[in-house]
Structures are given as structure tokens and as C-alpha cells.
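First the structure, in the form of C-alpha cells, and then the observations on it.
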Amino acid sequence: MVTIDKDRLKQAIERAEKRTSGEIRVSVSPLFWGDVRKAAEKAFERMGMSATKDRNAVLFFVVPARRKFVVLGDSGIHQKVGGEFWHHIVRTVSEKFKEGDFTGGLVAGIEAVGEGLAKHFPYQAASDRNELEDDVDFGQGS
């Protein structure tokens, strides 16, 4: 059985979002046999992630029972970062997932996203507001 420590993930999101105006969410989906990417895209919309002011939200969508995940970023991020940014995030998460450390993989991925987004979307204490909640989502996603 795969366990994910939602408190550690929320803390990682909060730390990362202190570096960037970007928004980071994690959605954990129960077992299903559909297309994981399409489910991630539906979760992105269901969670209102395309409604951020700068279109700079990132979703980590995980199906632990299938040992699969997708990382999606909104259009504002794609205008600033190249494909290598996303490959780096996927490699970072995958390394821990291969060891069976799902929480560690997600924490490492969240940290890497926060670091990368800080370059293009720096945190502005005076004007930044948390546009999306930081809690881990356990919605259906599909």
C-alpha cells in the first residue's frame, strides 16, 4: 500500500510558495484505468488552476496505485520555461517514486518547481496572495 503524507506535502507547498507567486497543488487520485494525462487535465480545471492572475499554477497529479503521475503547468509558465524545466521536475519526482518514496518524490518536485518558478515569478510579499488552497486534493480527477 502506498502512503502519502499530506501534511508534509502541504508544508512543502507553503515553503515553495514563499519563493514564488506561482501556485502549486497536489491531487491524489484513486485507482482508475483511464488516461492519466486526461484525468490530470480534468483535475486542473476542476480545481480552478487556470484562474490564477498570472496563469502560473502547477499541478502534480498522482495515481499511487498505478505508480503514475503527471505534472501540468498553466500557459503563463510555458511562456517562460522550456521543456528541460519539465523534464527536470519529472526526473526529480521519478527518482524517489522508483524507491517507493511517493511523499519524498512529491516534496522534491514541489521544491524544484518553487525554485524554478522563483526565477520567473518571484514572490512579492506586499502584493502576493495565496490564490489556491495548499491542501492536498483527494478528488476523483477523472
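Leaving ligands, DNA and RNA out of it, work out the accessible area of residue 71 with a 1.4 Å probe and give it in Å² to the nearest 10.
The value for residue 71 is about 20 Å².
Treating the beta-carbon of each Lys and Arg as +1 and of each Asp and Glu as -1, no other charges, what is the dipole magnitude of the chain about its Cα centre, to the nearest 20 debye?
320
Pick the calculated Kirkwood radius over Cα pairs in Å for this structure from (1) 16.0; (2) 14.9; (3) 16.7?
Answer by label: (2).
So which lysines pass the test for residue 53, namely a Cα distance under 28 Å, with those fewer than 8 places away in the same chain ruled out?
6, 10, 18, 38, 42, 80, 119
Report the calculated FRET efficiency for residue 3 and residue 81 (r = Cβ-Cβ distance, R0 = 25 Å), to the nearest 0.05.
Plugging the Cβ-Cβ distance into 1/(1 + (r/R0)^6) gives 0.20.
How are the C-alpha pair distances of region 1-78 spread across 5 Å bins, as whole percents from the shortest bin up?
3, 15, 26, 23, 19, 10, 3, 0
How many Å² of accessible area per residue for the chain, probe 1.4 Å?
Accessible area per residue: 52 Å².
At a 10 angstrom cut-off on C-beta neighbours, averaged per residue, how do the peptides 4-13, 78-87 rank from highest to lowest?
Descending mean neighbour count gives 4-13, 78-87.
The values are calculated or read from the model by the stated rules, or taken from the named source; none is laboratory data. Keep in mind that this is a model prediction, so the values were computed, not measured. Glycine also receives a Cβ, built like all others from the backbone with ideal geometry; neighbour counts cover every protein chain displayed. All accessible areas refer to the heavy atoms of the entire protein, side chains included, with ligands and DNA or RNA removed. Shrake-Rupley method; radii C 1.70, N 1.55, O 1.52, S 1.80 Å.
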